[in-house]
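Written below as structure tokens is the structure these notes are about.
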Amino acid sequence: MTEARILIAEPDPALRANLCEALENQGYLVVGETGDGGSAITMARQIRPDLVMSDVEMPHTNGIEVSRILYREGLAPVVLTTSQATRDLTVRASRAGVLGFLIKPVQESELMPVIEVVRARWQEHRTRTEELDRLREQLETRTVIERAKGHLMDTHGLREAEAFRKIQKLAMNNRRTMKEVAQAILLAQQLQR
């Protein structure tokens, strides 16, 4: 994988500096640092890091909520740091989309394996999400076109192939997608009611 751009969210300035140094020693690029969760979210939205390392206990917005927001928005994976991992914390973090944990004090030797596994899982997640979005769009397009074909068949007495060809021809002539033409046909149908 390419050099990871990492945002650090750690309320303790000394720990933040140590983590920053350890990440840079491992060849990672620290693109932002903050001491509170609200700023971590804002910075992640602005700089789009490859990964966010966040302490669980943060002022304003805790690390689990930071992860929940970043995961939901598809911005970046989160590795949580904590001094004590309990089963409850692990369950809550997992539900929020946290992809990795490091126990404090973080050892430099632990960074690379956790970061690279989290980045790989995040890429898989993004690929699946993009594929799901593409399939949803295809299904929606197909449904709209089928409804428009049905309308043309009912109102103009066209056969299915003729109705499809009519939509296709209108799309080409007007430099629109077939979905846009089908939506226009259905809108016109609603206006005629």
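The values are calculated or read from the model by the stated rules, or taken from the named source; none is laboratory data. Since we're looking at a predicted model, the values are computed, not measured. Glycine gets a Cβ as well: all are built from the backbone with ideal geometry, and neighbour counts include every protein chain shown.
Structure data summary
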read-out	value
Near pairs, Cβ below 7 angstrom, 6+ apart or cross-chain, from the stretch 15-41 (charged (D, E, K, R)) to any residue that is in a strand (DSSP E or B)	16/8; 16/33; 24/30; 33/8
Residue satisfying all of: in the stretch 98-131; among the aliphatic types (A, V, I, L, M) and in contact (Cβ under 8 Å) with a residue 40 or more places away in the chain; nearest to residue 167 (Cα to Cα) among these	120
Flag if residue 72 is among the basic types (Lys, Arg), surrounded by fewer than 19 Cβ atoms within 10 Å (Cβ to Cβ), assigned by TED's automatic domain parsing to the domain that holds residue 43 and out of contact with any Ser or Thr (no Cβ under 7 Å at 6 or more places or on another chain)	yes
Selection count where residues are assigned to a helix (DSSP H, G or I), touching a residue at least 24 places away in the same chain (Cβ under 8 Å) and of a type outside the set (Lys, Arg), scope the stretch 78-92	1
Count - residues of the stretch 25-51 that are assigned to a loop (DSSP other than H, G, I, E, B) and within 14 Å of residue 79 (Cβ to Cβ)	4
From the options 134, 95, residue that is within 30 Å of residue 62 (Cα to Cα), assigned to a helix (DSSP H, G or I), without any contact (Cβ under 8 Å) to a residue 40 or more places away in the chain and basic (Lys, Arg)	95
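Conditions tested, residue by residue: (1) loosely packed, with under 13 Cβ neighbours inside 10 Å; (2) over 30 Å from residue 177 (Cα atoms).
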residue	(1), (2)
94	no, yes
115	no, yes
136	yes, no
147	no, no
153	no, no
